Amino acid sequence: MFKLLLEFLLGALYSRMQDNESRIAREIRKRILRTYCQIDSAVVITNKNNFMCGKGCALYHGTYILNTFGKVILGDNSHLGAMCYVNACYGTLTIGDDVAIGPHTSIVVYSNHYKYGQKVTTERITKDIHIGNNVFVGANCVILPGTTIADNVIVGAGSVVKGKLDGNAVYAGAPHKKIREHWYE
C-alpha cells in the first residue's frame, strides 16, 4: 500500500513539474524518472521502468514516448528534439551514442497494419527499430517499423524511412533514397 501511495505522490509531483521550465523542475523530473537524461517541459514517458538512457541525453519539449510494454534505450549524448513521438508500446527502440533526432519526428515500432482481407483496425505490426551511432535525423521525419539505420548516417528533413540504411551515407525523400555516399568527405 505504501508503494502505491508513493507512486501516486511522485506522479502528482511530476505532473505539477511537467510544464515548469525552471532548472529545479528539470532536476526533479530527472530524479522522479530515475534517469541521467535532461527532461524538458511537457515530456511524457508512459513507462519509466522501460526507458533507459546514457549520460548526456535529452528529451526536449513535448516529446511523447509511448512505451507501455516496450523498451526505449538511448545511448550517451543522444537527444530527441521538441515534439518527437515514439510509439514503442510493444517492441524495442534502440538509439546509439551521439544521435540527434530532429523536432516533430515520429518513430514507430508498433502500428496498425494492412493485411488483405483483414480490418486495418484489428491488424498490428511490431518490429524493433535500431539506430546506430553518430546519426542525424532531420526534422519531421517518419521512421517505420523494422528500420535499421547504421552508423554515420544523415537522414534529410521530411524523409520517410523504412528498411536498412547503410552507414556513411546521406538519405532523403519519401520514400527515402540514398543521395550521397561518404558524407564526411
Exercise. Mind telling me which of the residues Ala150, Ala139 ends up being closer than 24 Å to Gly56 by Cβ and in contact with a Lys or Arg (Cβ under 8 Å, 6 or more places away or on another chain)?
Key: Ala150
Quiz item: From Lys162, Lys177, Lys119, which residue is touching a Leu at 6+ places or on another chain (Cβ under 9 Å) and farther than 16 Å from Ile101 by Cβ?
Solution: Lys162
Quiz item: Can you spot a residue in segment 58-66 that is within 15 Å of His130 (Cα to Cα), in a strand (DSSP E or B) and not aromatic (Phe, Trp, Tyr)?
Solution: no
Quiz item: Which number in (1) at pLDDT below 85; (2) assigned by TED's automatic domain parsing to the domain that holds Ala174; (3) not β-branched (Val, Ile, Thr) marks the one condition that Leu9 misses?
Solution: (2)
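Rundown of residues vs (1) hydrophobic (A, V, I, L, M, F, W, C); (2) within 16 Å of Thr126 (Cα to Cα); (3) outside the structural domain of Ser22 (by TED's automatic domain parsing); (4) in contact with a helix residue (DSSP H, G or I) (Cβ under 6 Å, 6 or more places away or on another chain), yes/no style:
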position: Ala58; (1), (2), (3), (4): yes, no, yes, no
position: Thr63; (1), (2), (3), (4): no, no, yes, no
position: Leu66; (1), (2), (3), (4): yes, yes, yes, no
position: Gly70; (1), (2), (3), (4): no, yes, yes, no
position: Ser78; (1), (2), (3), (4): no, no, yes, no
position: Cys89; (1), (2), (3), (4): yes, yes, yes, no
position: Asp97; (1), (2), (3), (4): no, no, yes, no
Quiz prompt | Neighbours by Cβ (under 7 Å, 6+ apart or cross-chain): first from segment 32-46, at positive phi; second modelled with pLDDT of 85 or more and of a type in the set (D, E, K, R) | solution = Arg34/Lys48
Exercise. Look through Gly75, Gly96, Gly156 and report the one residue that is closer than 20 Å to Ala172 by Cα, buried (at least 17 other Cβ atoms within 10 Å of the Cβ) and not acidic (Asp, Glu).
Key: Gly156
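The values are calculated or read from the model by the stated rules, or taken from the named source; none is laboratory data. These numbers were taken from a predicted model, which means no experiment stands behind them. Reconstructed Cβ throughout: ideal geometry from the backbone, glycine too, with neighbour counts over all protein chains shown.
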